[in-house]
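Presented below is the structure to which this report refers.
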Amino acid sequence: MNYSSTRGGDECLVSAGAIIAGIANNGGLFVPKQIPTLNQSAIEALSALSYQERAYAILKEFLTDYSEDDLNFCISQAYCSDKFDDESIAPLQSLDDHNHVLELWHGPTSAFKDMALQLLPQLMSKALKMTGETAQIVILVATSGDTGKAALEGFKNVDQIKIVVFYPNDGVSEIQRMQMVSQSGSNVTVVAVKGNFDDAQTGVKNIFNNDSFNQVLNGHGYQLSSANSINWGRLVPQIVYYFSAYADMVQNGAIAAGDKVNFVVPTGNFGNILAGYYAKQMGLPINRLICASNSNNVLTEFLQTGIYNRKREFYRTISPSMDILISSNLERLLYHITNGNSAQVASWMADLQAHGQYDVGNQVLKAIQEVFWAGFAHDEQTSRTIKEIYDTYHYTADPHTAVAWHVSNCYRKQTGDTTPHVILSTASPYKFNCSVLSALTDEKSLMDRNEFVMLEELAELSGIPVPTALAELKNAVIRFTQVCEKTEMEQTVKQLLVK
Ligand SMILES: *Cc1c(COP(=O)(O)O)cnc(C)c1O
């Protein structure tokens with residue numbers, strides 16, 4: 001299987017090369033040259049398998065340059081019982097016949113980013129051996145909270161790789177900050193930036209784009225790479241859990257083999273839901289992929305009108321991991337939906353860069369709408385939904401999951417479709433203890449409450465134990481206290497690596 005850029009050109013790599021590079025030379029994203037398919041009996045056979053075996057069955061179709069042993073080694077390192085607190089890795093909770101919740105937050109950092117960021121470092125490490133790359137890879141991350149911690153946990157102590165995470169000094173929750181500054185591992189660095197998330201992200205992009213600085217780093221044996229969802233190695237592990245959820249539904253009798261289901265996905269960068277699109281293209285019986293947004297509803301508008309317009313107000317919401325106006329992975333969908341028309345994709349991306357918007361036209365919009373449906377929830381609707389789910393099912397959902405739940409209801413009301421829904425649950429409620437508690441208790445002023453008191457209160461209400469790693473933060477030793485100006489990020493990287 002070979003990978004080429006969504007924006008065309010001759011660059012053509014096997015998966016190991018695409019994973020090390022992260023992004024194509026011409027700024028496009030790597031996509032597989034063709035999408036493999038599984039027939040009905042191969043899909044049915046997944047029901048009898050463990051999550052790790054299901055992962056192998058899917059990954060081997062895309063990562064054809066990895067040997068069976070190598071791939072199984074990577075999978076066993078990523079999805080093991082020291083790292084996931086549920087042996088099914090991505091358990092499916094069937095709340096009633098119509099509503100099934102796929103919990104993707106049983107990994108070490110309690111958010112769905114672990115599903116990919118536990119495997120990506122393993123794949124990258126093997127890729128370095130397979131390609132004979134001798135440089136030290138330096139992963140630079142700017143985070144608004146979840147990605148930073150998940151990347152640190154995934155890459156800690158991985159040979160030949162260092163990771164540096166920049167987070168906005170005042171832009172992350174207290175739980176998220178403590179998760180990062182107490183990170184263990186000999187190859188990790190965490191730095192606070194005086195500024196907001198955009199400042200941190202711009203700083204990282206500037207470092208990537210500074211050729212002379214990259215040459216200095218290369219001279220010292222370093223090569224920069226990325227751990228965000230533009231990397232194919234972060235996308236491909238996510239295809240697995242769509243198949244896994246389906247296999248579980250067949251196994252527990254919720255559906256018969258071959259029946260269709262809808263997936264509802266809380267969406268930011270379009271990475272998670274795009275993995276669902278690949279699953280559908282591979283033959284998984286998916287009727288609709290339902291894209292759920294918060295007030296930053298740029299994707300709702302796009303999927304309804306065909307116009308992507310990022311020139312709009314940015315809202316900070318109670319589902320912060322979806323506060324995003326540029327959904328990078330949409331580029332991959334546009335490539336596939338136009339049957340690989342890379343010139344067209346490149347021209348839309350140029351429009352986005354130059355004018356802040358693009359319009360895909362009616363024909364492409366129609367093709368997209370045959371698969372996707374979109375809606376959004378305001379914060380108030382999200383809070384109300386957290387309470388409703390709790391009152392109806394005694395189930396505690398985090399705000400991102402509640403956004404999806406709300407949109408799932410809107411879809412049913414507007415379409416009358418009775419296909420069963422799988423709602424992707426992307427974070428543990430404990431990660432957003434303050435928002436969840438205030439939704440459940442109608443208390444508006446929890447802001448000054450101690451984090452660990454709130455964890456305990458939430459445990460009492462939900463009846464599920466606080467994830468050990470979060471509870472242990474109370475006594476964690478702080479390793480990283482460095483704070484830099486937003487103009488000093490490159491200097492900080494230089495001091496770390498070159499001395
Ligand atoms: C990252 C994230 C999302 C958005 O996922 P995308 O792949 O960016 O669409 C949703 N919920 C949570 C909790 C996340 O951390």
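Table for the structure above
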{"read-out": "From phi via Karplus (6.51, -1.76, 1.60), per-residue ³J(HN,Hα) for segment 364-380 in Hz, x at Gly/Pro", "value": "5, 4, 4, 4, 5, 6, 5, 10, 10, 9, 9, x, 9, 10, 6, 3, 4"}
{"read-out": "Anisotropy class of segment 336-487 from Cα gyration tensor, a/c 1.5 cut", "value": "oblate"}
{"read-out": "Of the trypsin sites (Lys or Arg not before Pro) in segment 8-60, those whose Cβ has at most 10 other Cβ within 10 Å and which sit in DSSP loop", "value": "33"}
{"read-out": "³J(HN,Hα) computed for each position of segment 66-82 - Karplus, 6.51 cos²θ - 1.76 cosθ + 1.60, integer Hz, glycine/proline x", "value": "8, 6, 4, 5, 4, 5, 5, 5, 4, 5, 5, 6, 6, 10, 10, 6, 6"}
{"read-out": "Estimated 222 nm signal from helices in the chain, with DSSP H stretches of n ≥ 4 weighted -39500 (n - 2.57), rounded to 500", "value": "-13500 deg cm²/dmol"}
{"read-out": "DSSP-defined antiparallel bridges as percent of all bridges, the chain, nearest 5", "value": "25"}
{"read-out": "Rounded to whole Hz, the Karplus (6.51, -1.76, 1.60) HN-Hα couplings of segment 48-61, x for glycine and proline", "value": "7, 9, 6, 4, 5, 5, 5, 4, 4, 4, 7, 5, 5, 6"}
{"read-out": "Semi-axis lengths, Å, segment 1-110, gyration tensor of Cα atoms, sqrt of 5 times eigenvalues", "value": "30, 17, 16"}
{"read-out": "Solvent exposure of segment 177-288 as accessible area per residue, Å², 1.4 Å probe", "value": "30"}
{"read-out": "Solvent-accessible area, 1.4 Å probe, carbon plus sulfur percent, for segment 27-132", "value": "45"}
{"read-out": "Cα convex hull of the chain, projected area averaged across orientations, nm²", "value": "21.7"}
{"read-out": "5 angstrom amide H check on residue 479, placed H, neighbours 5+ away", "value": "182, 183"}
{"read-out": "Mean separation of Cα contacts under 8 Å (6+ apart) over length of the chain, as relative contact order %", "value": "18"}
{"read-out": "Under-5 Å amide H pairs with residue 162, H placed in peptide plane, nonlocal only", "value": "137, 138, 139"}
{"read-out": "Loop GluC sites (Glu not before Pro), segment 423-482 (other Cβ atoms within 10 Å of the site Cβ: 12 or fewer; DSSP)", "value": "443"}
{"read-out": "Interchain or long-range residues, amide H under 5 Å from residue 423's placed H", "value": "100, 101, 102, 264"}
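The values are calculated or read from the model by the stated rules, or taken from the named source; none is laboratory data. Predicted model, so just to flag it, every value in this text is computed and none were measured. As a convention, Cβ positions derive from the backbone with ideal geometry for all residues, glycine included, and neighbour counts pool all protein chains shown. To get the accessible areas, we keep the full protein, side chains included, count just its heavy atoms, and leave off ligands, DNA and RNA. Shrake-Rupley method; radii C 1.70, N 1.55, O 1.52, S 1.80 Å.
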